[in-house]
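**Q** Dropping a structure here in C-alpha cells format, bear with me for questions.
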Amino acid sequence: MRELESRLTFRLSVLSKLLDQQAQELLKDTEINLTSYRILNIINTFSTVSISDISRFCGIDRAQVSRSAVDLDKRGLVVFSNDPTSQRKKLVSLSDTGQALLAELHPRFLARNEEFYALLGPERRAALTDAINILTEHVSE
C-alpha cells in the first residue's frame with residue numbers, strides 16, 4: 001500500500017477519478033454527463049468555439065467532443081453555425097436552453113470549488129495551482 005501511495009501519478013489518477021465521480025453526482029438529476037457539462041462550460045466561456053478548440057481546451061478526443069456536441073445539439077442545448085473564415089469548420093454556441101441549464105448547474109460546481117478552497121486555504125491553494133501548472137506544462141510538451 002505504501003508503494004502505491006508514494007507514486008504521485010497514481011495518486012493524481014485516483015483523485016481525478018474521485019473528482020469525476022463527485023462531479024457526475026452533481027449532474028445526476030440532469031440529462032447530461034460530465035463530458036457534456038465540460039463542453040458546455042467551454043462553449044460558455046468563449047461564446048462561439050470550434051470542436052477542435054473545445055477538444056484542445058478540455059483534453060478530450062476531438063471525435064468524442066464532436067459526438068457529444070451533436071448530442072447536445074439534438075437536445076437543444078447548443079447550435080452549430082458555419083465559420084466565416086473556413087467553409088469546412090463548424091462553430092458551436094449555447095442555445096438559450098443550454099444557457100439556462102448552465103445557470104442552474106453553475107452554483108453547484110462553484111460551491112464545490114469554494115469547499116475545496118476553504119479546505120486548502122490561500123497558501124496551499126496557491127501552491128497547488130503552481131504545481132498543477134508546472135505538471136500540465138511538463139506533460140503537454
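The values are calculated or read from the model by the stated rules, or taken from the named source; none is laboratory data. A quick note: this is a predicted structure, and the numbers were derived from the prediction, not measured. Glycine also receives a Cβ, built like all others from the backbone with ideal geometry; neighbour counts cover every protein chain displayed. Accessible surface areas use protein heavy atoms only, side chains included; no ligands, DNA or RNA. Shrake-Rupley method; radii C 1.70, N 1.55, O 1.52, S 1.80 Å.
**Q** So for region 101-116 (the condition being outside any helix (DSSP H, G or I) and either open to solvent by less than 70 Å² (accessible area, probe 1.4 Å) or without any contact (Cβ under 8 Å) to a residue 12 or more places away in the chain (or both)), does at least one residue qualify?
**A** No: region 101-116 contains no residue that is outside any helix (DSSP H, G or I) and either open to solvent by less than 70 Å² (accessible area, probe 1.4 Å) or without any contact (Cβ under 8 Å) to a residue 12 or more places away in the chain (or both).
**Q** A further question on this structure: Which members of region 80-94 meet the condition of being out of contact with any Phe, Trp or Tyr (no Cβ under 9 Å at 6 or more places or on another chain) and either within 22 Å of Asp20 (Cβ to Cβ) or open to solvent by less than 60 Å² (accessible area, probe 1.4 Å) (or both)?
**A** Within region 80-94, Ser81, Asp83, Ser86, Leu94 qualify.
**Q** Shifting gears a bit: For residues that are at pLDDT 95 or above and not in a helix (DSSP H, G or I), scanning just region 52-79, find the one that is surrounded by the most Cβ atoms within 10 Å (Cβ to Cβ).
**A** Leu77
**Q** Of the numbered conditions (1) within 27 Å of Ile51 (Cβ to Cβ); (2) out of contact with any strand residue (DSSP E or B) (no Cβ under 9 Å at 6 or more places or on another chain); (3) in a helix (DSSP H, G or I); (4) at pLDDT 95 or above, Thr136 satisfies every one except a single condition; which is it?
**A** (4)
**Q** When Thr97 is evaluated against the numbered criteria (1) touching an Asp or Glu at 6+ places or on another chain (Cβ under 9 Å); (2) free of Cβ contacts under 8 Å to residues at least 24 places away in the same chain; (3) open to solvent by 70 Å² or more (accessible area, probe 1.4 Å); (4) not hydrophobic (A, V, I, L, M, F, W, C), which criterion, by number, is the only one it fails?
**A** Exception for Thr97: condition (1).
**Q** Scan region 111-137 for residues that are within 20 Å of the chain's Cα centre (by Cα) and over 25 Å from Glu25 (Cα atoms) and jot them down.
**A** Asp130, Ala131, Asn133, Ile134, Leu135, Thr136, Glu137
**Q** Pairs please, first residue from region 56-73 and under 14 Å from Ile42 (Cα atoms), second anywhere and outside any helix (DSSP H, G or I), Cβ atoms under 6 Å, 6+ apart in sequence or on different chains.
**A** Within 6 Å, the pairs are Ala69/Val92; Leu72/Val78.
**Q** Out of (1) under 23 Å from Leu12 (Cβ atoms); (2) touching a Lys or Arg at 6+ places or on another chain (Cβ under 9 Å), what's the single condition that is false for Ile51?
**A** (1)
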